[in-house]
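> Quick one: the structure is below, questions incoming.
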Amino acid sequence: MRAIPLLSGFGAAVRERRKERGLTQAQVAESAGIAVETVSRIEGGRLASLSLVLAARVAATLGSTLQALLAGVRSPPPADALRAEERRIVGLLQTVDDAELGRVRRGLQSLLSVNDSRRAPTSSRKRKR
């Protein structure tokens, strides 16, 4: 999993705020209604994604706001976080109007599902000789 600076920075701010308030991860988890492991993953920046609702609940539990916890977090501009080919694709998509965007999405989903089926284990397929 590629580290996401925004999530890592948010996690560090959560850990710092939790320690300032003298709370344990278990206390934060209980108050926010989440698992202790989730608090640990948030603080370690080890989540693939984090919903705004969950982040806001954690912030409120710590007597803070999302804005305050994210205030010092630096995030690269979106284009810098993308590989060259991804930037090229985004550039192409920016020229597509809203009416065509749905067709593009469905086409990509079809292509990806074909690619996934090709990666399926060959042991379940019959081999011709």
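> Looking only at segment 1-33, count every residue that is among the polar types (S, T, N, Q) and either touching a helix residue (DSSP H, G or I) at 6+ places or on another chain (Cβ under 8 Å) or not in a helix (DSSP H, G or I) (or both) and tell me the total. Give the derivation first.
Restricting attention to segment 1-33, the residues satisfying the condition of being among the polar types (S, T, N, Q) are 8, 24-25, 27, 31.
Next cut, either touching a helix residue (DSSP H, G or I) at 6+ places or on another chain (Cβ under 8 Å) or not in a helix (DSSP H, G or I) (or both) only: 24-25, 31.
Qualifying residue count for the region: 3.
> Would you be able to say whether some residue in segment 61-75 is part of a loop (DSSP other than H, G, I, E, B), in contact with a Leu (Cβ under 6 Å, 6 or more places away or on another chain), modelled with pLDDT under 95 and of a type outside the set (A, V, I, L, M, F, W, C)?
yes
> OK, next. Against the conditions (1) touching a Lys or Arg at 6+ places or on another chain (Cβ under 9 Å); (2) surrounded by fewer than 13 Cβ atoms within 10 Å (Cβ to Cβ); (3) closer than 16 Å to ALA71 by Cβ, where does GLY9 fall short? Just the number, please.
Going through the list (1) touching a Lys or Arg at 6+ places or on another chain (Cβ under 9 Å); (2) surrounded by fewer than 13 Cβ atoms within 10 Å (Cβ to Cβ); (3) closer than 16 Å to ALA71 by Cβ, GLY9 breaks only (2).
The values are calculated or read from the model by the stated rules, or taken from the named source; none is laboratory data. This is a predicted model, so every value here is computed, not measured. No Cβ is skipped: glycine too gets one built from the backbone with ideal geometry, and neighbour counts run over all protein chains shown.
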